[in-house]
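Single-structure report; data block below.
The numbers here are math on the coordinates, done by the rules we state, and not lab data. In this text, all values refer to a predicted model and were calculated from it rather than measured experimentally. Here Cβ is always computed from backbone atoms with ideal geometry, including for glycine, and neighbour counts include all displayed protein chains.
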Amino acid sequence: MSETPDFAAYAQPGIRGLRAYDPGHDLVALRREAKGALTELGSNENSHGPSPLALQAARNALDDAFRYPDPLGGDLKRALAERHGVASSQILLGNGSHELLMQFAQVFAGEGDEVVASRFGFAVYALAAQAAGARLVLAEAFSRDAAMPLGHDLDALAAAITERTRLLYLANPNNPTGTWFDADAFARFMRRVPAGIIVVVDEAYAEYVDAPGWRSAIDALPSHRNLIVTRTFSKAHALAGLRIGYALGDAEAIAVMERVRESFNVNGPALAAAAASLADDAHLEAGVRATRRDREALAQALQSRGLHVWPSQTNFLLVEFGPATAGIERRLLEEGVVLRPMGGYGLPDCLRITVGRADENARLLAALDPAMGQGHD
């Protein structure tokens with residue numbers, strides 16, 4: 001009998017200690033056990049659903065499932081270019097923005113380099129740095145008592161840059177905290193960043209923002225060739241299951257990234273659905289308005305129960321439940337309400353709650369009262 005190879009030892013150094021991305025609960029198994037009775041508020045999905053035009057476009061594209069999809073994504077790139085006022089050569093398509101966030105570190109960082117990110121930022125930034133063999137440098141976030149609690153401290157991020165820094169990740173708004181920074185603060189930050197450092201701004205939740213002073217970093221692309229902005233169709237466009245995201249940046253930076261992009265990384269139905277969704281502004285805006293309205297109502301309902309709710313410009317809320325967090329989360333799960341534990345982000349006393357439809361939010365609140373051991377009218 002042949003000896004079993006030590007596959008972990010064969011892996012590159014950055015991979016050996018890497019832990020796979022944790023998506024939370026095994027929702028497929030939970031759905032099977034619950035027989036469809038789950039209220040899923042743990043993955044920041046948009047339960048208002050995608051545009052009917054997008055669904056029909058995806059169905060139509062299935063007729064050509066035997067053919068490879070457009071490797072260039074030309075139609076979608078042209079639509080995105082028109083929407084954002086950039087050239088098609090400035091757009092990179094991905095199998096969700098997750099794939100692109102990982103690839104930035106693969107391309108622009110490596111052994112001996114540093115990648116800077118904020119504490120309480122999206123977990124993929126740390127995974128990307130480690131997989132590339134780079135050292136992750138975490139800048140401290142603002143404290144709970146600050147004006148933007150748990151938000152990115154842009155001064156701390158700028159101060160964390162050294163001669164070894166090659167890449168810096170930001171999220172605006174941020175996952176999992178829901179916090180944000182305004183355009184003036186970002187402009188001051190970019191003036192402090194050396195031109196040789198790639199700055200990636202993750203705007204997965206941009207469509208949900210209504211805060212005064214916030215502007216997309218896309219507006220700053222003409223002024224900063226080292227800036228890259230990522231977006232996704234998974235959230236406001238409600239196409240999470242089709243896995244499609246994109247990045248915008250300097251055409252030369254995008255051309256370098258294209259060298260590692262898998263030839264057919266975005267499937268045909270996803271390309272078609274995304275282009276159709278982009279053309280259905282009315283559907284997108286209706287879903288965003290409903291989410292903003294329900295975000296405020298849900299935050300107030302949770303606060304009335306004595307819970308600390310962080311300000312949010314996303315489709316979710318970060319909520320502090322205190323020492324009883326794990327027990328409350330477990331009791332909610334027993335009632336078929338799925339939230340996202342935050343222990344992996346260093347926030348064990350918190351749960352992240354997706355803002356669902358009004359009926360889903362009502363079911364959450366009805367289950368939450370007994371789980372917390374208190375009743376409310």
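Each principal axis of the Cα cloud of the range 52-279 was taken in turn, and the coordinate range along them, longest first, works out to 53, 39, 29 Å.
Report the FRET efficiency, 1/(1 + (r/R0)^6), for ARG225 and GLN300, where r is their Cβ-Cβ distance and R0 is 51 Å, rounded to 0.05. Once the sixth-power term is evaluated, E becomes 0.70.
Among DSSP bridges having both ends in the range 52-279, what percentage is antiparallel? Round to the nearest 5. Please report the intermediate quantities before stating the final value.
Values: 9 of 26 bridges.
So the antiparallel bridges amount to about 35 percent of the total.
Rounded to the nearest 20, the size of the Cβ-charge dipole of the range 52-279 about its Cα centre is 120 debye, with Lys and Arg at +1 and Asp and Glu at -1. Highest mobility in the GNM of the chain, judged by mean-square fluctuation with C-alpha springs under 10 Å and restricted to PHE104, PHE264, PHE66, is found for PHE66. Pull out a ≥ b ≥ c, the square roots of the eigenvalues of the alpha-carbon gyration tensor of the range 208-292, then state rounded if a/c is under 1.5, prolate if not and a/b is larger than b/c, and oblate in the remaining case. Cα axes put the range 208-292 in the oblate bin.
Quickly estimate the mean residue ellipticity at 222 nm for the chain, helices only: each DSSP H run with n ≥ 4 gives -39500 (n - 2.57), and the total goes over all residues, rounded to 500.
Values: 14 runs with 143 residues, N = 377.
Mean residue ellipticity at 222 nm (helix-derived): -11000 deg cm²/dmol.
Dividing the convex hull volume of the alpha carbon atoms of the range 251-377 by its residue count gives 178 Å³ per residue. Distance from the Cα centroid of the range 103-165 to that of the range 286-322 is 27 Å (rounded to whole angstrom).
Of the listed peptides 209-222, 113-126, 38-51, what is their order by residue-averaged count of other C-beta atoms within 10 Å, with the highest listed first?
Numbers: 209-222: 15.3, 113-126: 22.1, 38-51: 20.6.
Per-residue mean Cβ counts within 10 Å order the peptides as 113-126, 38-51, 209-222.
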